[in-house]
Amino acid sequence: MAYTADDKQGGDATKQQTPAATQAKLPEPYEKTTRHAIDIDGRTLRYAATVGTLLIDTPKVKPAASVFFTAFELLDDEGKADHARPITYIFNGGPGSSTTFLLMGSIAPKRIDVPDAAPVPAAPYRLEDNPYTLLPASDLVFIDAPGAGFSEILDKAKPELWSVDGDVAGFSAFIRAYSSKYHRWNSPKYVLGESYGTTRGTALAYRLQQDGVALNGLTLISNILDYAYTLDTSDQFYIGYFPTYASVAKYHGRVTTETDPSDHLQEARAFANGPLRLALAAGASLDDSVKRHVAERYAELTGLDAKYVYDSDLRVVDMRFRKELLRDEGKIVGRYDGRVAGYDLDLMNDEETFVVDDAFLDPAYSSLANAYLRDELGWDRTPERVGFADFDWNATEPGKGWTWWHRQPDMTKSSWGQNIPFPNVVPDLAAAIAHQPTLKVLIGNGVYDLCTPFGQTEYDIDHLGLPKPLRGNVAFTYYPAGHMLYSSKPSLAKFADDLNRFYAADVAGLQAIDERPAAPAPDIRL
């Protein structure tokens, strides 16, 4: 069955991998189901694992893509699935990424066992039963984006599907197709997205409503909801990153104060949203003595040299921070996980020679994903699995690169109009909640994530513009980890507990989960 990804309104990756072979015709839908068991808390749970594909259409191409999924359904004592149970659709981001990391590292019934925040040896890698799986609370469907993983896409469909809104429409089409084939239309439905998957997931929550599907809950981890500040490195870019700089510096022992990590983060938040914001806003009119004072406080909180901060005009971009923090050790800290440190090959270059944490993890996750899907779950089709769709990051031609334009919900406040040249899905989230006041949202961030900083997420959610009675629909959680917050077992254990409480709660119960500290009231006097 194919559903249409039509035109109806509804970065984190830095490299490409070998593309899947292009085809003039897509393979027919195919699936294979195997049965398994896992022991959790002294109880044996039996489940079915299905690897398969579904076809989706676009308005111009029918069918347009073959979308690969890995689904896990809990079985009762008679070996039957319960379609009244919640179902969660899960994806990584990119855009154009397969869902290898979430599948192999987070809440599936099995997960990879690799060192945390450290170099990972070469194969063999170990797959272990996952006591933190979400399966007791929800059936799970992990989805590869068109052109990534084992999903395939026709060349003529790329201009539509390789775009912000076309991608969202495609995922909506997949969820509707899956709901029909597997009788899940009346199941409670959840979406969990990571990184660019939070951009997609937020727009998807609103788009699904337009397509006749209301989500019960939305989980967004390692968030990037508004690309404006990333694209132009505005003042907010430096403000949003600052608390994460302070967190990473504290982890590496580069902060001389004796405050505990939580108090240190509160001081960093207060500085970022107070003195730093005002200093940056002043621009060239900032008094030099004030600038030096701000640079000194900046240095105290981040471990950088005050003169370096001053010479940077108080504007230290993330890559320079990662190069500078441990320069005296000849090391660079990771982009995805600031706890990780490795040796860079050109210390004097602003550009890194490799992304240290990604280099440690990607081969292990990719290798074990192939072994697990093929050897244990029985996927036996070609072509080979690829980590990333083969579009050109620098191309502007639709179908060659990614089209970044996004149509926001009607009546969004804008001097431009609803079509904007970059994704800002904050209005989509506000509209989704306003249209469905029972929609609950869980926002999760690693405090050492230098890819999608939590300070920016806090700013974005503060600017949803929701009526006061609806602001409690969103709960924040924080984790002592990086971008892949589940890569740390203590962090994964907390994430699993937070998810179980989130699924069990209604909107009124979200405040028991919310961990965002209260911000001091700003002193605004006329």
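The values are calculated or read from the model by the stated rules, or taken from the named source; none is laboratory data. Please read all numbers here as calculations on a predicted model, not as lab measurements. As a convention, Cβ positions derive from the backbone with ideal geometry for all residues, glycine included, and neighbour counts pool all protein chains shown.
A quick yes/no check of all residues on (1) over 15 Å from THR457 (Cβ atoms); (2) acidic (Asp, Glu); (3) crowded, with 20+ Cβ neighbours inside 10 Å; (4) at pLDDT below 95:
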site	(1), (2), (3), (4)
VAL213	yes, no, no, no
LEU218	no, no, yes, no
ALA272	no, no, yes, no
PRO275	yes, no, no, no
LEU280	yes, no, yes, no
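Out of all the residues in the range 116-137, which are assigned to a strand (DSSP E or B) and either within 17 Å of LEU499 (Cβ to Cβ) or not acidic (Asp, Glu) (or both)? Give the steps one after another, and end with the answer.
First pass over the range 116-137, keeping only residues assigned to a strand (DSSP E or B): 126-129.
Of everything in the range 116-137, those that are assigned to a strand (DSSP E or B) and either within 17 Å of LEU499 (Cβ to Cβ) or not acidic (Asp, Glu) (or both) turn out to be ARG126, LEU127.
Could we say that GLY378 is farther than 30 Å from GLU128 by Cα and at pLDDT 95 or above here? In short, no. Residues satisfying the criterion are present in the range 310-326 (criterion: within 25 Å of the chain's Cα centre (by Cα), outside any loop (DSSP other than H, G, I, E, B), buried (at least 22 other Cβ atoms within 10 Å of the Cβ) and not aromatic (Phe, Trp, Tyr)). When the range 470-496 is limited to residues that are in a helix (DSSP H, G or I) and among the hydrophobic types (A, V, I, L, M, F, W, C), the one that is surrounded by the most Cβ atoms within 10 Å (Cβ to Cβ) turns out to be LEU485. In the set (1) more than 18 Å from the chain's Cα centre (by Cα); (2) outside the structural domain of TYR478 (by the TED database); (3) of a type outside the set (Ser, Thr, Tyr), the condition left unmet by ASP211 is number (2). When the test is whether a residue is touching an Asp or Glu at 6+ places or on another chain (Cβ under 9 Å), crowded, with 17+ Cβ neighbours inside 10 Å and assigned to a loop (DSSP other than H, G, I, E, B), LEU304 passes it.
Does LEU140 fit the bill of being in a helix (DSSP H, G or I), buried (at least 24 other Cβ atoms within 10 Å of the Cβ) and not acidic (Asp, Glu)?
Numbers: in a helix (DSSP H, G or I): no; buried (at least 24 other Cβ atoms within 10 Å of the Cβ): yes; not acidic (Asp, Glu): yes.
When the stated conditions are applied, LEU140 does not pass them.
Within the range 408-423, if we keep just the residues that are within 15 Å of VAL168 (Cα to Cα) and buried (at least 19 other Cβ atoms within 10 Å of the Cβ), the residue that is farthest from the chain's Cα centre (by Cα) turns out to be PRO409. Please specify each residue of the range 77-113 satisfying the condition of being more than 21 Å from ILE224 (Cβ to Cβ) and out of contact with any strand residue (DSSP E or B) (no Cβ under 8 Å at 6 or more places or on another chain). If the condition is that a residue be more than 21 Å from ILE224 (Cβ to Cβ) and out of contact with any strand residue (DSSP E or B) (no Cβ under 8 Å at 6 or more places or on another chain), then ASP77, GLU78, LYS80, HIS83, ALA84 are the ones that fit. Restrict the check to the range 390-406 and report whether at least one residue is under 27 Å from GLN210 (Cα atoms), assigned to a helix (DSSP H, G or I) and touching a Phe, Trp or Tyr at 6+ places or on another chain (Cβ under 8 Å). No.
Restricting attention to the range 228-255, the residues being at pLDDT below 95 and in contact with a Phe, Trp or Tyr (Cβ under 7 Å, 6 or more places away or on another chain) number 4.
Can you give me the number of residues within the range 356-389 that are assigned to a loop (DSSP other than H, G, I, E, B) and over 23 Å from PRO115 (Cβ atoms)?
Final tally of qualifying residues: 10.
In summary, VAL290 fulfils each of the numbered conditions (1) at pLDDT 95 or above; (2) under 30 Å from PHE502 (Cα atoms) with the single exception of condition (2).
State all residues of the range 406-465 that are aromatic (Phe, Trp, Tyr), touching a strand residue (DSSP E or B) at 6+ places or on another chain (Cβ under 8 Å) and closer than 20 Å to THR244 by Cβ; if no residue qualifies, say none. If you could, list the steps in order and put the result at the bottom.
Pass one, the range 406-465, residues aromatic (Phe, Trp, Tyr): 416, 422, 448, 454, 459.
Imposing the further condition that a residue be touching a strand residue (DSSP E or B) at 6+ places or on another chain (Cβ under 8 Å) reduces the set to 422, 454.
Across the range 406-465, the qualifying residue is only PHE454.
Out of all the residues in the range 344-364, which are at pLDDT 80 or above and in contact with a strand residue (DSSP E or B) (Cβ under 6 Å, 6 or more places away or on another chain)? Scanning the range 344-364 gives a single hit, ASP344. Would you please name the residue that is surrounded by the most Cβ atoms within 10 Å (Cβ to Cβ), looking only at residues in the range 145-191 that are among the basic types (Lys, Arg) and assigned to a helix (DSSP H, G or I)? So the residue we want is LYS158.
Within the range 491-502, one or more residues are within 16 Å of the chain's Cα centre (by Cα) and of a type in the set (Ser, Thr, Tyr).
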